[in-house]
Amino acid sequence: MSSITLTERRKLRAQGLTASGLIGPATFIVALGVLGPLLLLARYSLNLYDPRELMISAFSAQNYIEFFSDTYYLSTFWTTIRISLLCTVICIVLGFPLAYVLARTQSRYKNLMIIGVVIPLFVGNAVRAAGWMTLLGSRGFLSVWLMRLGITDEPVEIMYSETAVVLGIVAVNLPYMVLTLQSVIESIGRHIEEAAFSLGAAPMVMFRRVLWPLALPGTTAGVILTFILAMNAYATPVLLGGPEFRMMSPMIYNQFQLNNWPFSAAVAFVLMASTLVLTVLAGIMTRQKFRD
Amino acid sequence: MTALSRRHLGRWTLNAAAMLSFLYLSIPLIFVTWLSFYRQEIPSYPPEGYSLRWYSAAIANERFIDAFATSAKVGILATIIGLAVALPAALALNRYRFFGHAALGNLLLMPLIVPGIVLGFALYVFQVETEIATGLPIMGSFGGLVFGHVLLVIPWTVRLILASLAGFDRTLEEAAMNLGAGRLTTFRRVTMPSILPGIVAGALFGFVSSFGNLEMSLFLVAPGETTLPIAILQYLQWRIDPTIAAISVLQILIIAVALLVTDRFVKLSRVV
């Protein structure tokens, strides 16, 4: 500190004051609205539930133990993870070709195509669920055509099933994957592909040996994003899975409505912690693979 | 097969696969739009005919009009407040190096990462405790709902304004100040106009994410009150018919227009 003069120090302090004045209000709002409430919720999750008193102040891991020792809650937990993994894999498979075409196209409609990908992203999940309900219902488009084509004799009910939920979540998350992959592919120069081709590589070989390894680090970002979104899905499982179908976010809300706040809070933290652990694992795994 | 024809085949397969994904994304929007034009009320295929009457039914539905008005009011207010705090925050993050710089930058993006249901629940219990502690009527209040939505707007606006600040040439500011402009004039006449695209895009994205928010609002609305996404969810849990489809189509149109407007300011491919 002695190496800088007093005036420099004053200037630095003035800058620090300006900076904190500028960033202060936003920080205050987010800290008050996110950090504070999350800490309070964490405290709630250690309390106990009583049917008459609703919540008893305590300091116990009872809610967490109950969650992990009850097959009912555990099956919800595993269903959520299974569906999220499945949806993420499908998103990569469906997303890569579209992202590639969007990244490489010279078409003047490129921007319009991107808007076509972004609009579904911002149209609420409930609205999109309504579209799936029209398509998948027992008297909907798909069922009627399956009968007309003689594939089935009776109306098929695809609604209120795991299939419907997976279809719905993939449609919700696919735009995120496509947009992430598109920017990743755009950052990989076209000439690298051309080099592979001119050395005689077939398209699949080029993809496997050149494009995919180069795109992998960026792809991880898309994978993590879509996985998190699937883990947190609420409207899609509620509307397309029906009341019998269970995933974590709907369970948090249901337990809340049943007035069991401590348990609901514990489920919330199980959801966030497991999502965090799995995304960190995914990050480590790709980094190791990348090093090989 | 020659290498060239293999590449043509590859190209063709690729385009077909891309079209398929694009179609998949559009399917829900196509079908909900189609349903909104059915003549009969029951959503069974094939339609008996086509009609526009569900649109007039949708516009006449008071529950949905109220919900729409609430969503619009909350969205506009939250966007204005969010913008007012996010713009200075983005400037600070861009211009100054200070202790905890990276941590604060991440903190401001946090509302996007916490699951919507968890954030809503946490805010709810926080409001309960604050109301008990202070006696102020916070729970289910309009102010409480707007506060929650400001949290949704901040990450989008900070992110997009930061992006446009990164591309801004600061020597322009020095030039203006050398020519005698004060700090405020420089900001108003030089900095503002060049980062305006980022501000507009941030505001529109913030508004759209507030307008479409479902999970958090579920916890924060007063009993009997709804926002548009909640009204749509509750209706769909009960039944699906052309009226709700027409309402959905109106929402799709509003968002499409908002995005097309945004696209005129900033290329969407660069900000999402």
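Taking θ = phi - 60°, what integer Hz values does the Karplus form 6.51 cos²θ - 1.76 cosθ + 1.60 yield along the range A:115-129, in sequence order, with x for Gly and Pro?
4, x, 7, 7, 4, x, 4, 9, 6, x, 4, 5, 5, 5, 4
To check my understanding: the extent here is largest minus smallest coordinate of the Cα atoms along each principal axis. What are those three numbers for chain A, in Å, largest first?
75, 65, 38
What does the extension gain come out to for A:S138 and A:E66, with contour length at 0.36 nm per residue minus their alpha carbon separation?
Gain on stretching A:S138 to A:E66: 22.1 nm.
May I have the extent of the alpha carbons of the range A:138-227 along their three principal axes, as whole Å values ordered from largest to smallest?
55, 31, 15 Å, listed from the longest principal axis down.
Among A:V34, B:V261, rank each residue by its count of other Cβ atoms within 10 Å, from fewest to most, as a rough exposure measure.
So the ranking, lowest neighbour count to highest, is B:V261, A:V34.
Which value results when the Cα radius of gyration for the protein assembly as shown is divided by 2.2 N^0.38 Å?
1.04
Would you please give the residues with an amide H less than 5 Å from that of A:Y49, counting only those at least 5 places away or on a separate chain, with H modeled from the backbone geometry?
A:I56
Considering only B:Y124, B:Y235, B:Y45, give the residue with the highest GNM mean-square fluctuation for chain B, with springs between Cα atoms whenever their separation is below 10 Å.
Ranking B:Y124, B:Y235, B:Y45 by mean-square fluctuation puts B:Y45 first.
Go through the range B:81-90 residue by residue and turn each phi into a ³J(HN,Hα) via Karplus (6.51, -1.76, 1.60, θ = phi - 60°); whole Hz please, and just put x for glycine and proline.
5, x, 5, 4, 8, 6, 4, x, 5, 5
Give me the one-decimal nm value for the distance between modelled label points at A:Q15 and A:T105, 7 Å along each residue's Cα-to-Cβ direction.
4.6
With springs only between Cα atoms under 10 Å, which of B:F31, B:F205, B:F99 fluctuates most in a Gaussian network model of chain B?
Among B:F31, B:F205, B:F99, the largest mean-square fluctuation in the Gaussian network model of chain B belongs to B:F99.
Need the C-alpha centroid separation for the range A:8-39 versus the range B:34-80, integer Å.
Computed from Cα coordinates, the inter-centre distance equals 43 Å.
GNM on chain A, C-alpha springs below 10 Å: top fluctuator among A:A103, A:A202, A:A126?
Result for chain A, Cα springs under 10 Å: A:A202 fluctuates most.
Largest first and in whole Å, give the semi-axes of chain B's equivalent ellipsoid, each being the square root of 5 times a Cα gyration tensor eigenvalue.
Here the semi-axes work out to 38, 31, 18 Å.
Could you grab the relative contact order for chain B? Cα pairs under 8 Å, six or more apart, rounded to a whole percent.
For chain B, the relative contact order is 30 percent.
Please compute, for the alpha-carbon atoms of the range B:79-132, the extent along each of the three principal axes and give them in descending order in Å.
40, 23, 21
Hey, what do the phi angles of the range A:22-33 turn into as Karplus ³J(HN,Hα) couplings, whole Hz, using 6.51/-1.76/1.60 and θ = phi - 60°, x for Gly and Pro?
6, 8, x, x, 5, 4, 4, 4, 5, 5, 5, x
Helix-derived [θ] at 222 nm for chain A: sum -39500 (n - 2.57) over DSSP H runs of at least 4, divide by residue count, nearest 500?
Using -39500 (n - 2.57) per qualifying helix, the result is -24500 deg cm²/dmol.
Read-outs: derived from the displayed coordinates by stated rules, not from any lab. Not measured: the values here are computed from a predicted model. Note: ideal-geometry Cβ built from the backbone for every residue, glycine included; neighbour counts use all protein chains shown.
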